């Protein structure tokens, strides 16, 4: 037991070092090069270009990457835990589909011009509506059917993606372009309020998820066996479902659909440190944050001055890394 | 005097399906009771009823003067421990798994095991003989070793009643006897009350103090192995021709099957 805790501490230390490195590298890479001299200037002179670039452009973006990456990866870990299914990720439950449909409606109806908040609001509303659909459709005789929840989520994502395609087929090319751009995901958000909401909610989500870390561990044995250990699994599953869906909804509303983080990162963390949720939740959060900061740095520098959609990078990098790790490691993916 | 564990007019089941009707059993403290009966006679439904996996339709189950249905889940888990047939603990070590038996005692914001938890887990791993496997992964264990770990985990719950679902299924005779000897020892040393579903009539007769024979969702007969394991009742319930005799060493009843060619 003692040994295990030391392993956890070591693992967290490594993740924290990676985190700091990723943030520093991200701060200093970009179109405008910042040298050490300029850095010194930036600290003394708040009017300098270096200071503005660092604090007004790059730092907010890093904070957003950390929040979104952490939130998505955390939700992935939680959802895989409550569904006991390795293929579940935040978007499997139709949350992203609902959010994307909300955004498409806002763009097509022209409501996105009303206020800068209308896109995130519509996205979040779409996510919420899907969430309630999935939840209430899967309640059977007072109990919650986990499998039908999963299936209904998948079906709702198909329905909403078809509805979105319908909207795209009847609207103008310009609108199609903005929908596609949004769906591919972007961390280029300049509104401080939204960034702050994303940061606080993902940190809050991390904190709340730790209140359910024991039930999550018990659920590794299965629903019935967790009940035999005195765990109120129905309540746990409900609360965690809402928590992870809300986190996903906020992430999608602010940054669009950024795939793969919620699927790949929790699995990588599981492979390294095991399935104990006491370390897995924090590990997934930090891992997701590091991953998204790195991907965003690549996305905005690789074809500079242009920017690649972040979803392209997360898909390619995440997918490849995962395949390599999985085919090389002796251990298979296990959830419980 | 109230008995230790009472099941009164208990009915449960699935809506519209098979229902267990009006079960009435009393079990004394320290008794080792076996539930026998053919497939589909309601043993598993009964098991799920006691472990509260299925809600009761009527009647009550009372442990030490308190109804199980009225206990909160934590309290119930402190009083009643369940060992199922399949453990499915996957990639966690035996020690981690056994420590899960301490969950019913863990305070809300306690993330780490206390010294007491570790000591209790250690104690029961020693008692069941899985302490030498404690750093192995559960899915690397044999079926018998998994059952032993399951029993160690259940004991770590420090229950008053231990519920076992066919602990000897799919095991060779070495492990069957090892597990049942262990349960007898637990009864003797820890004064534990044990309720077990078991298919093998000979093992049931050899080890249990009391047998409950079930048929079509009702109790057909309750009593000592000698009273229950007679050929009339067995042939009526199992629709199979058998001969019963007494084990010359233990004096317990033994059941022999008779094949079709011989009996006709």
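For chain B, the 222 nm mean residue ellipticity estimated from helices alone, with every DSSP H stretch of n ≥ 4 adding -39500 (n - 2.57) and the total spread over all residues, rounds to -9500 deg cm²/dmol.
A crude spin-label estimate for the pair residue B:86 and residue B:19, with each label 7 Å from Cα along the Cβ direction, gives 3.0 nm. Extension gain for the segment residue A:193 to residue A:180, taken as residue separation times 0.36 nm less the Cα-Cα distance, is 2.2 nm to one decimal. Compared with the alpha-carbon gap, the fully stretched path from residue A:14 to residue A:59 is longer by 14.0 nm at 0.36 nm per residue. Looking at chain B, send over the antiparallel percent of its DSSP beta bridges, to the nearest 5. So the antiparallel bridges amount to about 60 percent of the total.
Contact order for segment A:236-330, expressed relative to its length and based on alpha carbon pairs under 8 Å spaced 6+ residues apart, stands at 29 percent.
Under the definition of Cα pairs under 8 Å and six or more residues apart, what whole-number percent is the relative contact order of chain A? Show your work: numbers first, answer last.
Working: 501 pairs, mean separation 99.3, N = 336.
Computed value for chain A: 30 percent relative contact order.
Computing FRET efficiency as 1/(1 + (r/R0)^6) for residue B:58 and residue B:29, where r is the C-beta to C-beta distance and R0 is 30 Å, gives about 0.70.
Quick one: angle between helix B:143-156 and the longest Cα principal axis of chain B, in degrees between 0 and 90, rounded to 10, please. Taking the Cα atoms of chain B, the angle to B:143-156 is about 60 degrees. Kindly list the residues of segment A:285-311 that lie in the label zone of residue A:272, defined by a backbone N under 13 Å from the point 7 Å along the Cα-to-C-beta vector. Output list for this probe position: A:285-292. Springs between Cα atoms under 10 Å define the GNM used for chain A, and in it the highest mean-square fluctuation of A:226, A:42, A:100 occurs at A:42.
Inter-label distance, residue B:173 to residue B:8: 4.5 nm, where each label sits 7 Å from its Cα along the C-beta direction. Measuring spread by the Cα atoms of segment A:1-107 yields a radius of gyration and Dmax of 19.8, 55 Å.
Would you mind classifying segment B:124-176 by shape? Square roots of the alpha carbon gyration tensor eigenvalues, ordered a ≥ b ≥ c; an a/c under 1.5 is rounded, otherwise it is prolate if a/b is larger than b/c and oblate if not.
Working: a/c = 1.89, a/b = 1.08, b/c = 1.75.
Oblate, since a/c reaches 1.5 and b/c is not below a/b.
Where a ≥ b ≥ c are the square roots of the eigenvalues of the C-alpha gyration tensor, would you call segment B:63-106 rounded, which needs a/c under 1.5, or, failing that, prolate if a/b is larger than b/c, or oblate? Cα axes put segment B:63-106 in the prolate bin. Among beta bridges identified by DSSP and lying wholly in the protein assembly as shown, the antiparallel ones come to about 60 percent. Axis angle, to the nearest 10 degrees, between helix B:115-128 and the longest C-alpha principal axis of chain B: 30 degrees.
Normalised by the number of residues in chain B, what is the relative contact order in percent for Cα pairs under 8 Å and 6+ residues apart?
Working: 502 pairs, mean separation 62.1, N = 264.
Once divided by the residue count of chain B, the mean separation gives 24 percent.
Between residue A:232 and residue B:123, the simple spin-label model (points 7 angstrom out along Cα→Cβ) gives 3.0 nm.
Rounded to the nearest 0.05, what FRET efficiency do residue A:324 and residue A:7 have when you use their Cβ-Cβ distance and R0 = 30 Å?
Numbers: r = 23 Å, r/R0 = 0.78.
Taking R0 as 30 Å, the efficiency between residue A:324 and residue A:7 is 0.80.
Here is how the number arises for chain A: DSSP H runs of 4 or more residues each give -39500 (n - 2.57), the sum is divided by the residue count, and the result at 222 nm is -23500 deg cm²/dmol.
Values in this text are rule-based calculations from the coordinates and carry no lab data. All of these numbers come straight from a predicted model, not from anything done at the bench. Quick reminder, even Gly has a Cβ in these numbers, built from the backbone with ideal geometry, and neighbours come from all protein chains shown.
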